Amino acid sequence: MAGTIYPPEPHRALDRDRASKPTFKVSERTSTTTKNGQPPISVADIGTGTGIWLVDLAPKLPPTARLDGFDFSMSKFRPVAARPPNVRLMEANALKPFPAELHGQYDLVHVRLLVLALRTASWEPLFANLCTLLRPGGYHLWEDVDMANFKGYPATTKTAGIVSQMMRFHASQGSRGQPYLIGLDQLMATKGFTDARLGGFKTSSYWNHPTLSRPTQRMMFTVIVAYLQGIVQLGGFEDLLTTEDAARKIAEMIKETEVGEAKLDTWYWRTIGRRSLEGEGR
Ligand SMILES: C[S@@+](CC[C@H](N)C(=O)[O-])C[C@H]1O[C@@H](n2cnc3c(N)ncnc32)[C@H](O)[C@@H]1O
């Protein structure tokens, strides 16, 4: 799959998605179940962080829904009092096999914003681990930013210069970089998933959105801050060598982006597929 991770023109994938929008509803049962004694809807969120995605999802599902978040670091977990009782957060490294008792348990396995933590070589084994969690007929949904296509605008701003430095570093990493998993839909298809599809949008589509503009820009800003700090930890690049350099660049970006002098753009991708009801794709 390595050669298929990036299409030369990512917007083509978007056009394909627009032509056939997914109609996924988490509230519909996805597995083969009987009317009597059917198990509750169950969702796993991988790399859950604070568990915010599950906390947001909880009110949209019956209170019997099983909402399990997994992360290899428990440091960010919301306290029990700050989450609904059916949201459980647990320690697990998704690069290692999940315990057998979790296999085949979930109607939906969701991943968001994990790509920054991954090496290119890791995502296929990680995906294989995630597949073990799915019930036959269960859905896998992965949404993430495209680390290879960040841009700052206008080109004359310091923000644009910092983002292009980040992209030069990204390119210098070759296969160690973290592209979004374009090609995951094709991998799903080879693993017996049905209706696997890739969709996405450019965050610039939301630059003028009354409510989404700010959170979208903040999300990207957070990713860039983590990335710049990561470059320093890896030994530095060009004039970004110390934590002070990173702090200075971050402050420059804050100054420009907070007043709207500079804006950030990238692709945000989403891949969804359904494990076959016959139990293939594990
Ligand atoms: C950028 S945060 C995203 C958090 C959350 N998904 C969200 O969208 O709010 C990435 C999370 O993935 C976790 N993570 C990274 N690698 C992981 C792994 N191999 N197994 C489990 N969690 C991992 C990190 O600890 C971090 O909490």
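Laboratory data are not the source of any read-out in this text; all were calculated from the coordinates shown. Owing to the predicted nature of the structure, the values given are computational and were not obtained by experimental measurement. Positions of Cβ are backbone-derived with ideal geometry, glycine not excepted, and every protein chain shown enters the neighbour counts.
So, in segment 52-74, of the ones that are in a loop (DSSP other than H, G, I, E, B) and within 8 Å of the ligand (Cβ to nearest atom), which residue ends up nearest to residue 107 (Cα to Cα)? Step through it out loud before you land on a result.
Residues of segment 52-74 in a loop (DSSP other than H, G, I, E, B): 61-65, 72-73.
Next cut, within 8 Å of the ligand (Cβ to nearest atom) only: 72-73.
On the way: 72: 22, 73: 24 Å.
Residue satisfying both the conditions and the ranking: 72.
Just one of the listed residues (187, 198) is surrounded by 15 or more Cβ atoms within 10 Å (Cβ to Cβ), under 30 Å from residue 135 (Cβ atoms), in contact with an Asp or Glu (Cβ under 6 Å, 6 or more places away or on another chain) and hydrophobic (A, V, I, L, M, F, W, C), namely 198.
Test residue 149 against the stated conditions and say whether it is in contact with a Ser or Thr (Cβ under 6 Å, 6 or more places away or on another chain) and touching a residue at least 24 places away in the same chain (Cβ under 8 Å). Judged against the criteria, residue 149 is a match. Determine if segment 152-159 includes at least one residue that is basic (Lys, Arg), within 12 Å of the ligand (Cβ to nearest atom), in contact (Cβ under 8 Å) with a residue 60 or more places away in the chain and within 26 Å of residue 226 (Cα to Cα). No, segment 152-159 contains no residue that is basic (Lys, Arg), within 12 Å of the ligand (Cβ to nearest atom), in contact (Cβ under 8 Å) with a residue 60 or more places away in the chain and within 26 Å of residue 226 (Cα to Cα).
Any idea which of 272, 224 is of a type outside the set (Gly, Ala, Ser), in contact (Cβ under 8 Å) with a residue 12 or more places away in the chain, in a helix (DSSP H, G or I) and surrounded by 14 or more Cβ atoms within 10 Å (Cβ to Cβ)?
224
All of (1) in contact with a strand residue (DSSP E or B) (Cβ under 7 Å, 6 or more places away or on another chain); (2) more than 9 Å from the ligand (Cβ to nearest atom); (3) not aliphatic (A, V, I, L, M) hold for residue 48 with one exception: (2). Residues of segment 88-115 that are part of a strand (DSSP E or B) and within 13 Å of the ligand (Cβ to nearest atom): 89, 90, 91, 109, 110, 111, 112.
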